[in-house]
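Data first, discussion second: the structure below is written as structure tokens.
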Amino acid sequence: MIGTITIVLLSALLAYIGWRTYDQLTFFGKLGLKGPTPLPIFGNLFGFKIGVYKALQKWTKEYGKTFGISRGARKVIISSDVDFVREIMVKQFTNFADRQGFPLRPEETNFDLLNLKGDRWKAMRETVALVFTKHKMQKMLPMVTECADETVKNLKENEKKTEGVLDIHKYMCEYGIDVGSYCFFALRATSQEDMTVLMNQANAMWIRFKTFYLPWFVIMLFPQLEPIFKYLGCSIHPHESVDYFTQLIKGTMDSRRADPNSSKYMDFLQLMMNANEELNSSATTINGRQLQKRALTDKEIFAMSMSVFAGNTETSPGTLSFIFFMLAMHPEVQEKLIQEIDDVMGGGDDVTQEKVNKMTYMDMVIRESLRLYPTAASLDRVCSEDCVVKGIKIPKGTLVEIGVYAIQTDPDYWKDPFTFDPERFSAENKAKMDPMTWLAFGQGPRMCIGYRFAMVEMIVMLTRTFQKFRLEICAKTENPPTRGTRGLMTPEKGINLRLVPRQEQSL
């Protein structure tokens, strides 16, 4: 009896493997797409060993701007064709409004903009948009400046101990966490010990994205097993870190509700709570159906707060670190930027929105750095209905990935694509630019909702740093920096640069 059951199970397994292999080998051919030959079950997963951004760039050169791969069980169309991308992100957005999301997410984090889909995503986006207005971002500017001043103070104290050579990425990570905790929850790390605890918990939230996590890998091969792994307590975010931030955020929410003067706070969490009160009963239309505006639940406020905080600890610090590296490598660009900072600040100390708006060359520097070092190598969308995009019939459920890095370094769109040249983003050149060739914050209705905040955060840090220092490469500078092999582009080994106090150079 046991032998018969074993034979039946093995036969079923072999039949499943045979069907999966046939499906992987024939699916994209039926759509008229080329791509790397997949391995049975694993698909093209091993092709990513060289790094996501390198793999996508390599396959683009071999198979064209639009091709297909199998990421385990998931079939993925990848494109760096800007006309194809425009269809996905803008023209046919209703068919591609949803993101894939991550498997094994804890229940507490399932209600943010990344994971919500359809009408629920639309309703939450409307509410969160009330927080990320330009006016409200201006009110956070003094808080961001305070965090930048603290970071520069730490740079000044430590550069004297190391002959000026510091891992700038370490300090940008501390800055990102300081900005996140202060601007999102109105909490400051009052000691190095507090900062260490925050950093450890924030880093833990991302650790399984950066390293090999067996349950996630198995689910990529067999998605049907996710409920079993969840039952066993597996999570992409360690439970200890989720519990830490749960207590932090919910405790803050409870204290705010008990405080009759809570409106004095201007952090993200308070603005989210205020936005609930600002919502009226007017209706909005989605796909011809009326959707009533509603206040966010506590679960949604918590998930969104956790999402923006965790995101801020990885994205802006990495981008700032790469910007500092590029400026150290190109001193002529650095000097031009310093001159703009001196001219705009005029010897004053306050960073105002008016001054931020005048820093046009800094905006160009940031955008060019993000072109070469985008936060994410690709962006994904899930096809919700059978449709046709540029002659390709895309079945419902297919994942479409937009090759951000491949687009932003494509010689068809950018002359000398690996040359660092901020002038590409001058007002004159931007007017001639196809917006789909620069996707650092995405495009269309699902564009990054916090891009204004991210830009202000970077502008303030750059301003404060170059008011005090010039940056130079040194013997410890890795050139080029080692980038993460996963989807996020972060400097894996840090970025060591020499900081030269400006007052010393003027003597």
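Which members of region 388-432 meet the condition of being assigned to a helix (DSSP H, G or I) and over 24 Å from the mean Cα position of the chain (by Cα)? If the condition is that a residue be assigned to a helix (DSSP H, G or I) and over 24 Å from the mean Cα position of the chain (by Cα), then Glu423, Ala427, Glu428, Asn429, Ala431, Lys432 are the ones that fit. Restricted to region 137-193, and to residues there that are of a type in the set (S, T, N, Q) and either more than 26 Å from Gln353 (Cα to Cα) or in contact with a strand residue (DSSP E or B) (Cβ under 8 Å, 6 or more places away or on another chain) (or both), the residue that is surrounded by the most Cβ atoms within 10 Å (Cβ to Cβ) is Asn158.
What do you reckon, is Asp350 under 20 Å from Thr463 (Cα atoms) and assigned to a loop (DSSP other than H, G, I, E, B)? Lay out the reasoning, then the answer.
Details: under 20 Å from Thr463 (Cα atoms): yes; assigned to a loop (DSSP other than H, G, I, E, B): yes.
Taking the combined requirement at face value, the residue satisfies it.
In this structure, is Tyr53 more than 17 Å from Leu221 (Cα to Cα), of a type in the set (Phe, Trp, Tyr) and part of a helix (DSSP H, G or I)? Yes, satisfied.
A count restricted to region 64-90 and to residues that are in contact with a strand residue (DSSP E or B) (Cβ under 9 Å, 6 or more places away or on another chain), part of a helix (DSSP H, G or I) and either among the acidic types (Asp, Glu) or without any contact (Cβ under 8 Å) to a residue 60 or more places away in the chain (or both) stands at 1. Asn276 satisfies every condition listed in (1) crowded, with 19+ Cβ neighbours inside 10 Å; (2) over 20 Å from the mean Cα position of the chain (by Cα) except (1).
Out of all the residues in region 194-209, is one or more out of contact with any Asp or Glu (no Cβ under 8 Å at 6 or more places or on another chain) and acidic (Asp, Glu)? Yes, the conditions are met somewhere in region 194-209. Of the residues making up region 102-123, at least one is in contact with a strand residue (DSSP E or B) (Cβ under 9 Å, 6 or more places away or on another chain) and among the acidic types (Asp, Glu). Among the residues making up region 332-354, those that are surrounded by 14 or more Cβ atoms within 10 Å (Cβ to Cβ) and in contact with a strand residue (DSSP E or B) (Cβ under 9 Å, 6 or more places away or on another chain) are Gln334, Ile338.
Residues checked against (1) closer than 19 Å to Ala440 by Cβ; (2) surrounded by 16 or more Cβ atoms within 10 Å (Cβ to Cβ); (3) of a type outside the set (A, V, I, L, M):
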{"position": "Ala377", "(1), (2), (3)": "yes, yes, no"}
{"position": "Arg381", "(1), (2), (3)": "yes, yes, yes"}
{"position": "Lys390", "(1), (2), (3)": "no, no, yes"}
{"position": "Ile394", "(1), (2), (3)": "no, yes, no"}
{"position": "Val404", "(1), (2), (3)": "yes, yes, no"}
{"position": "Gln408", "(1), (2), (3)": "yes, yes, yes"}
{"position": "Phe418", "(1), (2), (3)": "yes, no, yes"}
{"position": "Arg424", "(1), (2), (3)": "yes, yes, yes"}
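Here is a check on your reading of the model: is Arg125 within 23 Å of the chain's Cα centre (by Cα), outside any helix (DSSP H, G or I) and basic (Lys, Arg)? Here the answer is no, as Arg125 does not meet what is asked. Among the conditions (1) out of contact with any helix residue (DSSP H, G or I) (no Cβ under 7 Å at 6 or more places or on another chain); (2) surrounded by fewer than 21 Cβ atoms within 10 Å (Cβ to Cβ), Trp59 misses just one, which is (2).
Only the coordinates and a few stated rules stand behind these numbers; no lab work does. From a predicted model like this one, the values you see are computed outputs, not experimental measurements. Note: ideal-geometry Cβ built from the backbone for every residue, glycine included; neighbour counts use all protein chains shown.
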